[in-house]
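Let me begin by presenting the structure, written as structure tokens, before commenting on it.
Read the figures in this text as sums done on the coordinates, not as results from a lab. Here the structure is a predicted model, which means the values were calculated and not measured. Don't worry about glycine lacking a Cβ; one is built from the backbone with ideal geometry, like all the others, and counts go over all protein chains shown.
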Amino acid sequence: MNIVKTRDGEVLELLRTDKQGSSVYATPNNPNSKTKRLNKEGVGYEKEAIKNLQSELGIKLRVQRSIQVEGAFGVLKEVFDLKRFRRTSTKNVKLELILCAIGYNLAKYHKKRYRKVN
């Protein structure tokens, strides 16, 4: 029996390996539990991503990104009044968002270019 412990402290028991090479696990002592698929390659990528995110550079980039993204969406929502999309299909919603993003970038460019220097 192959038993694995997850980060959350959950104990899983190996049931089988499927055709794609993923290992299928289930919680022992609970026959009605849902199965979980773990791909060794995916687990390796997940560990590497966690290591990168917890590094000093990763923390700095996450903080910087969160500030930038929230500010941009705040401007789009308040200044551009983009609280709801006016189109319905995915293609038209994407086009509307792209047009708003272009407008946002042009406004930033115009403000930066014609800023008065004291």
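Which percent of the Cα-Cα distances in region 55-113 go past 18 Å? Can you show the working numbers first?
Numbers: 833 of 1711 pairs.
Tail fraction, whole percent: 49.
Label-point separation (nm) for Tyr109 and Ala49, each offset 7 Å from Cα along Cα-to-Cβ?
The modelled label-to-label distance comes out at 3.3 nm.
To the nearest 20 debye, what charge dipole does region 55-113 have about its Cα centre, counting +1 at the Cβ of each Lys and Arg and -1 at the Cβ of each Asp and Glu? Each step should come with its number before you reach the end.
Values: 14 positive and 5 negative charges, 36 e Å.
Magnitude of the dipole: close to 180 debye.
Would you mind computing, in nm to one decimal, how far apart the modelled labels at Arg87 and Arg65 are, each placed 7 Å from Cα along Cα→Cβ?
Here the answer is 2.6 nm between the modelled labels.
Contour minus end-to-end for Lys94 and Glu13, with contour as 0.36 nm per residue of separation and end-to-end as the Cα-Cα distance? Please list the in-between numbers first.
Working: separation 81, 0.36 × 81 = 29.16 nm, distance 4.37 nm.
Between Lys94 and Glu13, full extension yields 24.8 nm more.
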